[in-house]
Every structure is written in C-alpha cells, then in structure tokens.
Amino acid sequence: MKLQQLRYIWEVAHHDLNVSATAQSLYTSQPGISKQIRLLEDELGVEVFARSGKHLTRVTPAGERIITTAGEILRKVESIKQIAQEFSNEKKGTLSIATTHTQARYALPPVISNFIKQYPDVALHMHQGSPMQIAEMAADGTVDFAIATEALELFGDLVMMPCYRWNRCVVVPQGHPLTRVSKLTLEVLAEYPIVTYVFGFTGRSKLDEAFSHRGLTPKVVFTAADADVIKTYVRLGLGVGIVAKMAVDAKLDSDLVVLDASELFEASVTKIGFRRGTFLRGFMCDFIEKFAPHLTRDIMAKAIHCHNKQELEELFADVELPVH
C-alpha cells in the first residue's frame, strides 16, 4: 500500500468519480491512476469503487470506510510536513481559507493585506462558497480555515472559535417611505417586498426566526449570496434590502439610506474553524490573531484541547466579542 494510491482514491472520490478530471488536477495520467487503484484493490481484496465497464459508478460500502481512513492518513502526513516546514522555514508555506463573499469582501481585506506584508513567502489561497461548502472544505482538509457565520456547528470535528458579533441594517433608496417612519419595526418591514440573503448565508436564519417569532411572513422577492447584488436590486426598486451592517460602505453606497435594524434581529457571530488535530504553524496563529485579536495563542491552545462543542462554548462564555 502506497500513499500515492491513497491520494488517488481520495481525489477520485472528491472529483465525482471522474478519473480524467482527477488526473488533470494531479498532473498525471488517467491510465496511471486507474492502474494504481486496481493494484490497491487487489492488495486489499475488496473493491473501493463499483464499475460499469471502464467507468466508476459509485463508492462501495467498504470503499467509503477505506476512503475516510485514507483521508485521515493523508491529513496526518500533511501535518508532518507542516511541522517540518515550521522548523525549517517558519515564514514560508501556504495558507488556504474558505469563506463567504461578505467576509472576503468586507471583513478580510485589511487582515490579508497586513498578513501578506508580514509573510510575503506564504502563498495565500482563498475559496468562496456557501457556508455548508466552506465547513465541508475545512472538515475534509481541503482548506486550513473556514470563516463563516452559518453551518460550522454542524461539523463536530471542527474546532470553532468566535471572532466577532454583527447585525443587520435595512437599505432603501432616497425618498423611500421607510425613511419617514418614526420607528422601524418588523411589522412595518413585513409590509414591503424584501431583498436579502439566500437561506444559509450570512445569518439569514436569524432574520427568518425574528419574523416567525412575531407570527409574520416576510415578502422575500429576491435573494442573493452577495450583498453588492442585493444593493443593486434595491437601487432598481425591487424591494427593501436587509444586509449585514458591515456590507454598507458610506462612500460607495451614499445614494442609499441606511436604517439601523440591530434591535429587530438577534446578533450573529462569525467564527473561524479548523479541523481538530490540525498543526497550527506560527503564521497560521498570526493570521487568526490579526483577524480576531482576542484569540491569543493561549486561547487557541485551550480551544484545541477542548473535546466537544460544550467545552468550547464554556471556554468563550465570558469573552467580550468585538462588534462589526
């Protein structure tokens, strides 16, 4: 059994059983991958993949468990490499982050700019996706860090640390009737068509819960994962926008009126998560501290040794989070 063979079955499984696409991503040949998978199956005495002719059709029950274990082994190997790199050159390496558009566009730019200046020899890779995709990428080791508000808690093998609190605001065009109301309420908002985030993005669940708790059904007419898209359609008169407060730029959005909605919705918490057992290199710890200064190395060390979600919550119970 070779590490290369484990890498091949892992990658094939994560490329929708497309051996050709896997070969392209690994810069090798399709026949070479197929041969090595067959050799591994012969050695193990079981099929990892079921086949129809030359095509892989599904992962077998035995294959599912083998691939899961292979992923764990490959991550351990990567940790060994990380440890060696830390001692050979502590300021050189790679850092991969998965996050949403809102974080990438509004929260991370100054952090990343500062980080790159300090670590010019660290290659930084950013992946954008839905919160569920982001959490999955961190859970399976595709990325080092996941930064999101939703979905991270669904993965028990992630160490999650709270970074900051944030809330929402309402954006409307100049002259909109809402700019003249004495007090903004959920009942008033429910009378207008609403443009906001796709469910599962940027604290959307908190918005839905607030309306539901008051027995209201909001008239959501348009949804998007991108706050800039939401603001564009507000400008077109499609509806009242509800976005993260951090997603409003005083200069770029000067044509819109911003109404505070923090009293209408429960605050959300953005978290950073990484797979349990990940070796955090020095520059990885520095990135976390730049993004969330209250997450010191001492706090990180304690979080890593927490065994479950409850212990993590107890660790951060008395931490005063910054507000964005």
**Residue-averaged 222 nm ellipticity for the chain, from DSSP H runs of 4+ at -39500 (n - 2.57), nearest 500** = -12000 deg cm²/dmol
**Request:** Could I have the simple spin-label model distance between Asn308 and Asp228, label points 7 Å from Cα toward Cβ, reported in nm to one decimal?
**Result:** 4.4 nm
**Set of lysines with alpha-carbon distance to Lys231 below 21 Å, sequence-local pairs under 8 removed** = Lys206, Lys219, Lys245, Lys251
**Prompt:** Say R0 is 41 Å: what FRET efficiency, to the nearest 0.05, do Ser182 and Leu252 get from their beta-carbon distance?
**Reply:** 0.90
**Complete:** PRE zone check, label point 7 Å out along Cα-to-Cβ of Glu320, amide N under 19 Å, scope the stretch 150-193, hits 162-167
**Item:** Reachable lysines from Lys117, criterion Cα separation under 16 angstrom, eight or more residues apart if same chain
**Value:** Lys91, Lys92, Lys290
**Prompt:** By how many degrees, between 0 and 90 and to the nearest 10, does the Cα long axis of helix 109-118 differ from the longest principal axis of the chain?
**Reply:** 50 degrees
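Given a 1.4 angstrom probe, I'd like the percentage of the accessible area of the stretch 131-261 that is carbon and sulfur, rounded to a whole number.
Solvent-exposed carbon and sulfur of the stretch 131-261 make up 54 percent of the total.
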**Asked** How high is the relative contact order of the chain, in percent, counting Cα pairs under 8 Å that sit 6 or more residues apart?
**Response** 20 percent
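Rounded to the nearest angstrom and ordered from largest down, what semi-axes does the equivalent ellipsoid of the stretch 121-230 get from its C-alpha gyration tensor (root of 5λ)?
On the way: eigenvalues 219, 51, 29 Å².
Calculated on Cα positions only, the semi-axes equal 33, 16, 12 Å.
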**Request:** Starting from the Cα of Ser25, step 7 Å along the direction of its Cβ; do the same at Leu124; then give the gap between the two resulting points in nm.
**Result:** 2.5 nm
**Prompt:** Helix 30-44 versus the longest principal axis of the chain: what angle, 0 to 90°, nearest 10, using Cα atoms?
**Reply:** 70 degrees
**Item:** Two-decimal Rg to Rh for the stretch 202-324 - Kirkwood Rh, Cα set
**Value:** 1.05
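The values are calculated or read from the model by the stated rules, or taken from the named source; none is laboratory data. Just so we're clear, the structure is a prediction, and the values are computed from it rather than from any experiment. Here Cβ is always computed from backbone atoms with ideal geometry, including for glycine, and neighbour counts include all displayed protein chains. Quick note on the areas: whole protein, heavy atoms, side chains included, nothing else; ligands and nucleic acids left out. Shrake-Rupley method; radii C 1.70, N 1.55, O 1.52, S 1.80 Å.
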